1. Can you go through L116, L92 and tell me which one is assigned by TED's automatic domain parsing to the domain that holds Y155, at pLDDT below 95 and in contact with a Phe, Trp or Tyr (Cβ under 8 Å, 6 or more places away or on another chain)?
2. Does any residue of the range 169-184 turn out to be modelled with pLDDT of 90 or more and crowded, with 18+ Cβ neighbours inside 10 Å?
3. Can you give me the number of residues within the range 94-103 that are outside any loop (DSSP other than H, G, I, E, B) and either away from the ligand (no atom under 14 Å from the Cβ) or farther than 25 Å from S157 by Cα (or both)?
4. Of all residues being within 20 Å of E193 (Cα to Cα) and surrounded by 21 or more Cβ atoms within 10 Å (Cβ to Cβ) in the range 57-93, which is farthest from the ligand (Cβ to nearest atom)? Just the residue, please.
5. Before we move on, is L128 assigned to a loop (DSSP other than H, G, I, E, B) and at pLDDT 95 or above?
6. Pick from Y62, Y32: which is at positive phi, of a type in the set (S, T, Y) and at pLDDT 95 or above?
7. How many residues are part of a helix (DSSP H, G or I), small (G, A, S) and loosely packed, with under 12 Cβ neighbours inside 10 Å when one looks only at the range 1-33?
Amino acid sequence: MELYSDKINKLIEELSALPGIGAKSAARLAFYLINEPEEHVKRLTDTLLDAKQSIHYCKECYTLTDQELCPICASEKRDHSTIMVVETTRDLAAYERTGKFEGVYHVLHGAISPMLGIGPSDIKLKELMRRLEGDVNEVIIATNSSLEGETTAMYISKLIKPTGIKCSRIASGVPVGGDLENVDEVTLLRALEGRTEL
Ligand code: ZN
């Protein structure tokens, strides 16, 4: 016998498909939502749909934004000749939280992983190379220190070498295999300041 009715099961199933949500949390969320006032649930679904429909890539750095240019790329206060390359928008946010980086970013949306079949053309790499045709002094590679992150860093540095643009890699103070967004700000700053030229 099924524990819950079909529609409750369906809701739990959808919620448990979300990252980090196990079956128990999904059930808890499902019953929470069912017991909430209808206007609250509507506000949540409207917000989800609105975010999904209006958020896209910044046309310059490829971070997620609801504008044509993200606030960082649109800012005249930022140093547009220094580009920090990160894997995800969340990594960008981690560096922004330090408040100390004055350059701009480039979000790859992934890292090269031969094991997972993710090649250079599956991430925003040619978009990065296109940006380097402009006025760029330094590229700081801040991909994660995982195998994929290191592979990607190496690949990018080889691509950049012939351009003569300075290319550096953040120091490996970041724990190996650790996601950048989980690293505290002091460690991120130390990694940035201790970057080495490739
Ligand atoms: Zn941008």
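The values are calculated or read from the model by the stated rules, or taken from the named source; none is laboratory data. Please read these numbers as outputs of a predicted model, since none were measured by experiment. All Cβ positions, even for glycine, are placed from backbone atoms using ideal geometry, and neighbour counts span all protein chains on display.
1. Answer to the check: L92.
2. Yes, some residue in the range 169-184 is modelled with pLDDT of 90 or more and crowded, with 18+ Cβ neighbours inside 10 Å.
3. Counting residues in the range 94-103 that are outside any loop (DSSP other than H, G, I, E, B) and either away from the ligand (no atom under 14 Å from the Cβ) or farther than 25 Å from S157 by Cα (or both) gives 3.
4. E87
5. Judged against the criteria, L128 is not a match.
6. Sole residue among the options that is at positive phi, of a type in the set (S, T, Y) and at pLDDT 95 or above: Y62.
7. Of the residues in the range 1-33, 1 are part of a helix (DSSP H, G or I), small (G, A, S) and loosely packed, with under 12 Cβ neighbours inside 10 Å.
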